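Here the structure is laid out as structure tokens; the discussion comes afterwards.
The values are calculated or read from the model by the stated rules, or taken from the named source; none is laboratory data. Here the structure is a predicted model, which means the values were calculated and not measured. When we count neighbours, we look across all protein chains shown, and the Cβ atoms used for this are built from the backbone with ideal geometry, even at glycine. With ligands, DNA and RNA removed, areas are computed over all heavy atoms of the protein, side chains included. Shrake-Rupley method; radii C 1.70, N 1.55, O 1.52, S 1.80 Å.
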Amino acid sequence: LVFDQVPGPAELLARLKIRTSPPTSPCAANCESAVGVRAYTTGAAIDESTVFEYEGRFFKNQEHVVRVGEFSFRNPPVFVQRADLRVRDALAEVESLLDHLFRHPNTPVFFARLLIQRLVTSNPSPRYIADVAEAFRSGTYAAPDPQQAASDVTAAPATSSGAYGDLAATVLAVLLHDEARGGGGEGEASPETSGALREPLLKVVHFLRAMEYVDDTGREVSLRDLSEVIGQFPYLSPSVFNYYLPDYKPDRFADGLAAPEFEIFTTPTAMSFLNGMMSLIQRGLGTCDDGFGMWSPNCKNGQLMLEDPGNATEALAELDILLTGGRLSSREAIRKAYETAEEGEGFKAAQKAIIMTPEFHTLGEPLAAGPREHVAPEPVEEPRSYRAAVMLFFGGGADTFNMLVPLNCPLYEEYMQVRTDVALLPQQLHSVTTTGQACSEFGIHPELSFIKELYDQKQAAFVSNVGALVEPLTKTQFKNGGASRCVGLFSHSDQQQAAQTLKCQVSGASPKGAGGRLADALGSGSQKYRTTSFTVAGTATWSQGFDTRAEVIDRRQGSVRFREYQQLQTLVSNITGVKHGNVYCEEYAKVLEEAIHSSEDLGALLDNVELKTTFEASSSLEQQLKQVARLIMARKERKAERDFFFVSLGGFDTHKSVATVLASKFKEVDNALRMFVSELQAQGIFDSTVLVTHSDFGRTLTPNSGAGTDHAWAGNHVVLGGDLKGGAVFNEFPKALLEGNDQDAGRGRLIPKYPWESMMVPISEWMGMAAGHHAEVFPNLANFNASHIITRAALFRS
């Protein structure tokens, strides 16, 4: 028994957690109340059989308390009884969890912020978020402007239920709030930070609708898969975290500001967007000239039907309203494009010009502020020496305790006992030997035959027992506290950032990437190496430094170039040469200018590259590594001295069928590395290249019921290179694998004994990092002693 009288809403929600179905007994108290708590009893008094109703939910007048000595705690509701498993009970437990999450006090704020980001502005003020969250909670929204009284949902019940979580009221609050309508009053975001970069697919659909696209045969609009063209396509987000992260921040943005859509506005996607839009305007919707449409024998499936008004003034006014909402600032440049075009092509020329402007690509007031100053690039001297580091990231959390397995020793028996039906048998594995470990023999996954060859040639090694750490962490400290730990342990998004920043106590990408920070140090050190950082896997934190900006390369084409740049070069300069006070417009203009110039410069170099081997890339990883090989081949022409490359292979989140998935993924890795290393050897540059693997985290030693493994922590990884002292397993492999071992964090998770820095510090020194830069490249390094870090002399020959 909890209450002996009818409680208020706050009291009820604080104490009662056990839900029940609607009672059969009649309402006994507070029955006429529309907003209060109603009571249903079987007798005259309120007792443990009483059921309370609040906002359509029914609660038992009971609580379960567990008492251990003088301590006590609430026991959460459990519906599933292990002795009597029933689908109905499992569904009830899931429903209970969903209800809890839906009613969590953070949920309205979470929904409010994300909805505002998607529909209005990337950086809403706290007041804006609070107002939208309140509309979500109350299910009502009254527009603040008296002229909007007709939209007051309290007076228009057809548009709102007045119930918690009503999305009609929530969206009204998002769209009709002062800040959404350019308020800028006290407590609201400033015009400089109001707005957003628009999503690429929305820009395509907007243009098709505004320009009155009509299919030639009357069909619905048919677009080809654009996910790897413009970075977005319906139902094809690359992960459960959507196309981009809500807190993504471009390097030039001030701390505290986000611009999520810029994560997929890269050089390849920006150039591909322009090429597709130019094709649409010039030819119609088809595949020719990198168009967005489906194949058609005459290059188009439909065309834009909006007619040219016949003069520049009217055309410009109409396009300004339809495509930028009347915000266009580069009007003279657009007018000139219209008036100087060939006869009959003026309207198309104006359309092409407008779709390159910041106003078309962003929301918010542009705040044009005159011409931008351009800084001439410094002359580049001839390169001295060359070295390259390649990061191969296994996205999703790779099960690397089936990549490297102890053999013919007592530890293998523990491996078999703990891994049960996902364990690999000795005859399946490639046997290798090592020294300094409890087991002198290990097995490599059967699909990694090339890694086995490199290991035997002492050009590959394994680094065991590694993961994200702030400082050394014992099992006791993990369970009881007493040592710093990473934020978001076992979370994909958090631990991907942790593995790439090597500063896991800080959430997000603000510490920049380890590869980017190392590039900074090499560029600013005593040798002042010319460093470049590339990513062939989209935007990647690892590649970004404080001073080093990563160049994004397309895995298929390498450098994607703007097809009409030569004809539109002057127009591009006029558009990108305008400075804007709005941060989204300004960043767009800068990124576009940089993307066009870098793609032109790099494309001209790569056009002349001929690889030494037949590198017939078909898989995603093969294509990525082929582009890395092409860039390395062009190192002299690029005058490169130190290069960093980021490539990635996803799909390692093996919650089920781990054996099948690992076999497929490791086969792809092995084939890609075989091609890549063969090409580098043919170039005579393998001795100057090192490749290292990382992942979000390892996986549980114990399998789950779906023959899969779940999120864990410590793992084993590969380093390979021509200058490596390979043929060894570095770091102490876990001494025990059974439950209760010294590294056991529970549920088959192992606490790593060594940090990622264990392998990255010697690689950084081999790349040429001076001794005085360790702290800036590896912020947590001082927390570890020499036993946690592999020495350069141990890992490399030179």
Notebook entry, point to check: Within region 546-559, which residues are of a type in the set (Ser, Thr, Tyr) and either open to solvent by 30 Å² or more (accessible area, probe 1.4 Å) or within 13 Å of Thr532 (Cβ to Cβ) (or both)?
Noted result: Thr548
Note to self: When you scan region 270-281, do you find a residue that is part of a helix (DSSP H, G or I), within 19 Å of the chain's Cα centre (by Cα) and either surrounded by 22 or more Cβ atoms within 10 Å (Cβ to Cβ) or not aliphatic (A, V, I, L, M) (or both), even just one?
What the structure shows: yes
Notebook entry, point to check: Can you name the residue in region 348-375 that is more than 34 Å from the chain's Cα centre (by Cα) and free of Cβ contacts under 8 Å to residues at least 40 places away in the same chain and, of all such residues, is most open to solvent (accessible area, probe 1.4 Å)?
Noted result: Ala349
Notebook entry, point to check: Regarding Phe562, is this residue surrounded by 22 or more Cβ atoms within 10 Å (Cβ to Cβ) and among the aromatic types (Phe, Trp, Tyr)?
Noted result: yes
Next item on the list: Keeping to region 498-536, report how many residues are in a loop (DSSP other than H, G, I, E, B), touching a residue at least 40 places away in the same chain (Cβ under 8 Å) and among the aliphatic types (A, V, I, L, M).
Entry: 3
Next item on the list: Would you check which residues across region 376-392 are of a type in the set (Gly, Ala, Ser) and surrounded by 23 or more Cβ atoms within 10 Å (Cβ to Cβ) and list them?
Entry: Ala388, Ala389
Checklist line | Which listed residue is more than 30 Å from Thr340 (Cβ to Cβ) and surrounded by fewer than 19 Cβ atoms within 10 Å (Cβ to Cβ), from Ser619, Ser543 | finding: Ser619
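Output yes when any residue across region 479-497 is at positive phi and either in contact (Cβ under 8 Å) with a residue 24 or more places away in the chain or touching a Leu at 6+ places or on another chain (Cβ under 7 Å) (or both), and no when none is.
Yes: one or more hits.
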Item checked: Output for region 185-221, where each listed residue is surrounded by 15 or more Cβ atoms within 10 Å (Cβ to Cβ), in contact with an Asp or Glu (Cβ under 9 Å, 6 or more places away or on another chain) and of a type outside the set (A, V, I, L, M, F, W, C) -> Glu188, Pro191, Glu192, Ser194, Gly195, Arg198, Glu199, Pro200
Checklist line | Where a residue in region 675-696 is farther than 30 Å from Trp713 by Cβ and its partner, wherever it lies, is among the polar types (S, T, N, Q), with Cβ under 7 Å and at least six apart | finding: Ser678/Thr613; Glu679/Thr613; Leu680/Thr689; Ala682/Thr613
Notebook entry, point to check: Can we say Ala589 is within 23 Å of Pro200 (Cα to Cα), small (Gly, Ala, Ser), touching a residue at least 12 places away in the same chain (Cβ under 8 Å) and in a helix (DSSP H, G or I)?
Noted result: yes
Next item on the list: Starting from residues that are outside any helix (DSSP H, G or I) and open to solvent by less than 40 Å² (accessible area, probe 1.4 Å), keep the ones in region 127-152 and report whichever is modelled with the lowest pLDDT.
Entry: Asp152
Item checked: Listing of strands (runs of 3 or more DSSP E) fully contained in region 367-465 that carry 3 or more residues being in contact with a helix residue (DSSP H, G or I) (Cβ under 8 Å, 6 or more places away or on another chain) and modelled with pLDDT of 95 or more -> 387-394, 404-407
Next item on the list: Could you please tell me which pairs satisfy a Cβ distance under 6 Å, a separation of 6+ or placement on different chains, a first residue in region 245-257 that is touching a residue at least 60 places away in the same chain (Cβ under 8 Å), and a second residue that is hydrophobic (A, V, I, L, M, F, W, C) and assigned to a loop (DSSP other than H, G, I, E, B)?
Entry: Asp247/Ala258; Lys249/Ala258; Pro250/Ala259
Next item on the list: Say whether the condition of being open to solvent by 20 Å² or more (accessible area, probe 1.4 Å) and hydroxyl-bearing (Ser, Thr, Tyr) is met by at least one residue in region 439-446.
Entry: yes
Check: Residues Asp289, Asp308: which one is surrounded by 15 or more Cβ atoms within 10 Å (Cβ to Cβ), in contact with a Ser or Thr (Cβ under 6 Å, 6 or more places away or on another chain) and more than 30 Å from Ser190 (Cβ to Cβ)?
Finding: Asp289
Item checked: Checklist (1) in contact with a helix residue (DSSP H, G or I) (Cβ under 9 Å, 6 or more places away or on another chain); (2) farther than 30 Å from Ala196 by Cα applied to Tyr338, failing item -> (2)
Notebook entry, point to check: Checking Lys626 against (1) outside any loop (DSSP other than H, G, I, E, B); (2) open to solvent by 40 Å² or more (accessible area, probe 1.4 Å); (3) under 21 Å from Arg419 (Cβ atoms), which test does it fail?
Noted result: (3)
Check: Looking at (1) surrounded by 20 or more Cβ atoms within 10 Å (Cβ to Cβ); (2) modelled with pLDDT of 95 or more; (3) over 20 Å from Pro366 (Cα atoms), which is the only condition Ala169 fails?
Finding: (2)
